[in-house]
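Chemist: Mind having a look at this structure? Questions to follow.
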Amino acid sequence: MNVPQAPVFAANWKMYKGPVETRSFLTAFQGSYAPREDATVVFFPPAVSLSAFALEAKGRPDLEFGVQDVHSEVEGAHTGAISASMIPETGAGWGLAGHSERRREFGDDDALVAHKLMRLLAAGLQAVLCVGETLEEREAGQLDAVLSRQISEALHPLSVEQRRSIVYAYEPVWAIGTGRTATPEDAAGAHALVREKVGDALDPVGAEQAIILYGGSVKPGNISDLLGSPGVDGVLVGGASLEVESWAAICNSGR
Ligand code: PGA
């Protein structure tokens with residue numbers, strides 16, 4: 001697998017856009033966004049829309065895509081679940097693990113996130129590990145401890161080579177879908193912490209080379225400031241990735 005070209009613009013569609021809407025979005029998006037070699041654009045549609053994505057984007061290999069969540073087992077009697085090993089068949093090449101909505105709504109704890117991460121890697125997918133603190137944790141001065149725990153527990157079972165391949169997304173929970181964005185200074189500070197924790201689990205070179213995305217109410221109006229913050233190598237975007245105009249504006253930034 002190739003190392004993604006930073007900046008990485010990642011769209012997390014969450015529980016929006018079935019196959020039909022996925023295809024109409026992509027038709028319009030391809031008219032608003034021409035391929036660029038100095039960035040990576042990746043979409044995380046709902047799993048049911050992955051094949052529709054592949055079909056509609058077949059002339060645009062620069063538009064990468066992946067799965068939002070997988071089960072922690074390879075296969076089995078788990079009604080409603082999908083496994084990482086099924087994903088490459090759809091043409092998708094990426095997978096998220098540890099998104100705060102999974103942690104909060106579905107009880108994905110650090111141990112489960114570690115398992116899911118392993119499954120993504122074993123399936124040959126580019127894994128994105130999402131980390132971030134709640135407002136309560138931030139106000140209680142626990143930012144450092146939370147990031148340290150989330151990263152060390154997720155990386156613990158992995159080989160050095162696997163650790164080196166992970167892309168990180170720092171998403172302060174209080175900024176997700178709230179319209180409240182971390183200031184560029186806050187983002188830079190948290191990204192430095194994430195990099196330090198990755199260094200603890202790897203080595204200084206691995207930490208230096210790690211791609212760390214910022215997520216939480218990213219919009220066309222704040223993308224340049226965020227991308228200009230030291231250590232911010234891209235963004236993971238929810239709400240603003242659902243409209244062609246705002247998502248194209250984000251993906252075209254800096255060109
Ligand atoms: P948001 O979501 O851009 O709507 O805040 C980001 C995310 O949850 O990845």
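Chemist: Restricting the search to the stretch 3-13, which residues are more than 16 Å from Leu129 (Cα to Cα) and within 16 Å of the ligand (Cβ to nearest atom)?
Modeler: Within the stretch 3-13, Pro7, Trp13 qualify.
Chemist: Now for a separate question. Quick check: is even one residue across the stretch 132-150 within 13 Å of the ligand (Cβ to nearest atom) and either in a loop (DSSP other than H, G, I, E, B) or within 19 Å of Ala111 (Cα to Cα) (or both)? If you could, list the steps in order and put the result at the bottom.
Modeler: Taking the stretch 132-150 first, the residues within 13 Å of the ligand (Cβ to nearest atom) are 132.
Right, trim to either in a loop (DSSP other than H, G, I, E, B) or within 19 Å of Ala111 (Cα to Cα) (or both) and you get 132.
Scanning the stretch 132-150, I find at least one residue that is within 13 Å of the ligand (Cβ to nearest atom) and either in a loop (DSSP other than H, G, I, E, B) or within 19 Å of Ala111 (Cα to Cα) (or both), so the answer is yes.
Chemist: Could you check Asp200 against (1) on the phi < 0 side of the Ramachandran plot; (2) open to solvent by less than 60 Å² (accessible area, probe 1.4 Å); (3) not basic (Lys, Arg) and say which number it fails?
Modeler: (2)
Chemist: Here's something else I'd like to know. Take the stretch 96-110 and flag every residue that is within 12 Å of the ligand (Cβ to nearest atom) and part of a loop (DSSP other than H, G, I, E, B).
Modeler: Of everything in the stretch 96-110, those that are within 12 Å of the ligand (Cβ to nearest atom) and part of a loop (DSSP other than H, G, I, E, B) turn out to be Gly98, His99.
Chemist: In the stretch 244-254, is there at least one residue being open to solvent by 50 Å² or more (accessible area, probe 1.4 Å), modelled with pLDDT of 95 or more and either hydrophobic (A, V, I, L, M, F, W, C) or within 14 Å of the ligand (Cβ to nearest atom) (or both)? Please lay out each step first, then the result.
Modeler: We begin by selecting, within the stretch 244-254, every residue open to solvent by 50 Å² or more (accessible area, probe 1.4 Å); these are 245, 254.
Going one step further and asking which of them are modelled with pLDDT of 95 or more, we end up with 245.
Still in the running and either hydrophobic (A, V, I, L, M, F, W, C) or within 14 Å of the ligand (Cβ to nearest atom) (or both): none.
Looking through the stretch 244-254, none of the residues is open to solvent by 50 Å² or more (accessible area, probe 1.4 Å), modelled with pLDDT of 95 or more and either hydrophobic (A, V, I, L, M, F, W, C) or within 14 Å of the ligand (Cβ to nearest atom) (or both).
Chemist: For His71, indicate whether it is in contact with a Ser or Thr (Cβ under 6 Å, 6 or more places away or on another chain), over 28 Å from Arg180 (Cβ atoms) and open to solvent by less than 60 Å² (accessible area, probe 1.4 Å). Explain how you work it out, then say what you get.
Modeler: Values: in contact with a Ser or Thr (Cβ under 6 Å, 6 or more places away or on another chain): yes; over 28 Å from Arg180 (Cβ atoms): yes; open to solvent by less than 60 Å² (accessible area, probe 1.4 Å): yes.
In short, yes.
Chemist: Take the conditions in contact with a Cys (Cβ under 7 Å, 6 or more places away or on another chain), in contact (Cβ under 8 Å) with a residue 24 or more places away in the chain and not hydrophobic (A, V, I, L, M, F, W, C) and apply them to Tyr33. Does it pass? Break it down stepwise before answering.
Modeler: Numbers: in contact with a Cys (Cβ under 7 Å, 6 or more places away or on another chain): yes; in contact (Cβ under 8 Å) with a residue 24 or more places away in the chain: yes; not hydrophobic (A, V, I, L, M, F, W, C): yes.
Taking the combined requirement at face value, the residue satisfies it.
Chemist: Restricting to the stretch 4-23, name every residue that is farther than 14 Å from Ser51 by Cα and of a type in the set (Ser, Thr, Tyr). Don't jump to the end; show me each part of the working.
Modeler: So the first thing to find is which residues in the stretch 4-23 are farther than 14 Å from Ser51 by Cα, and the list is 4-16.
Result: Tyr16, single match.
Chemist: While we're here: Among the numbered criteria (1) of a type in the set (A, V, I, L, M, F, W, C); (2) more than 11 Å from the ligand (Cβ to nearest atom); (3) open to solvent by less than 50 Å² (accessible area, probe 1.4 Å); (4) part of a helix (DSSP H, G or I), which one does Ala192 miss?
Modeler: (3)
Chemist: To continue, here is another question. Out of all the residues in the stretch 220-237, which are touching a helix residue (DSSP H, G or I) at 6+ places or on another chain (Cβ under 9 Å) and within 10 Å of the ligand (Cβ to nearest atom)?
Modeler: Residues satisfying the conditions are Val235, Val237.
Chemist: Continuing with this model, one more query. Give me the pairs: first residue in the stretch 222-235 and closer than 15 Å to Ala210 by Cα, second residue in a strand (DSSP E or B) and of a type in the set (S, T, N, Q), beta-carbon distance under 8 Å, and six or more apart or on different chains, which are they?
Modeler: Within 8 Å, the pairs are Gly234/Thr40.
Chemist: I've got another one for you. Could you give every pair whose Cβ atoms fall below 7 Å, whose first residue belongs to the stretch 2-30 and is over 13 Å from Phe44 (Cβ atoms) and among the β-branched types (Val, Ile, Thr), and whose second residue is at pLDDT below 95 and open to solvent by 40 Å² or more (accessible area, probe 1.4 Å), counting only separations of at least 6 or pairs across chains?
Modeler: Cβ pairs passing all conditions: none.
Chemist: Further question: Based on what the data block shows, is Gly206 within 14 Å of the ligand (Cβ to nearest atom) and either modelled with pLDDT under 95 or outside any helix (DSSP H, G or I) (or both)? Outline the logic, then answer.
Modeler: Details: within 14 Å of the ligand (Cβ to nearest atom): no; either modelled with pLDDT under 95 or outside any helix (DSSP H, G or I) (or both): yes.
No: the conditions fail for Gly206.
Chemist: With the requirement that a residue be near the ligand (Cβ under 10 Å from one of its atoms) and open to solvent by less than 10 Å² (accessible area, probe 1.4 Å), what does the stretch 173-189 give you?
Modeler: Across the stretch 173-189, the qualifying residue is only Ala175.
Chemist: Has the stretch 162-185 got at least one residue that is in a helix (DSSP H, G or I) and free of Cβ contacts under 8 Å to residues at least 40 places away in the same chain? If you could, list the steps in order and put the result at the bottom.
Modeler: If we filter the stretch 162-185 for residues that are in a helix (DSSP H, G or I), which is where we start, we get 162-165, 173-175, 184-185.
Adding the requirement that they be free of Cβ contacts under 8 Å to residues at least 40 places away in the same chain leaves none.
No, because not a single residue in the stretch 162-185 is in a helix (DSSP H, G or I) and free of Cβ contacts under 8 Å to residues at least 40 places away in the same chain.
Chemist: If a residue has to be among the polar types (S, T, N, Q) and within 20 Å of the chain's Cα centre (by Cα) to count, how many in the stretch 1-44 make the cut?
Modeler: Quick first cut of the stretch 1-44, residues among the polar types (S, T, N, Q) only: 2, 5, 12, 22, 24, 27, 30, 32, 40.
From the residues that got through so far, the ones that are within 20 Å of the chain's Cα centre (by Cα) too are 2, 5, 12, 22, 40.
Adding up the residues that qualify gives 5.
The values are calculated or read from the model by the stated rules, or taken from the named source; none is laboratory data. Everything numeric here is computed off the predicted structure, so don't read it as measured data. Don't worry about glycine lacking a Cβ; one is built from the backbone with ideal geometry, like all the others, and counts go over all protein chains shown. The protein model used for the area step is the full one, side chains on, heavy atoms only, and it has no ligands, DNA or RNA in it. Shrake-Rupley method; radii C 1.70, N 1.55, O 1.52, S 1.80 Å.
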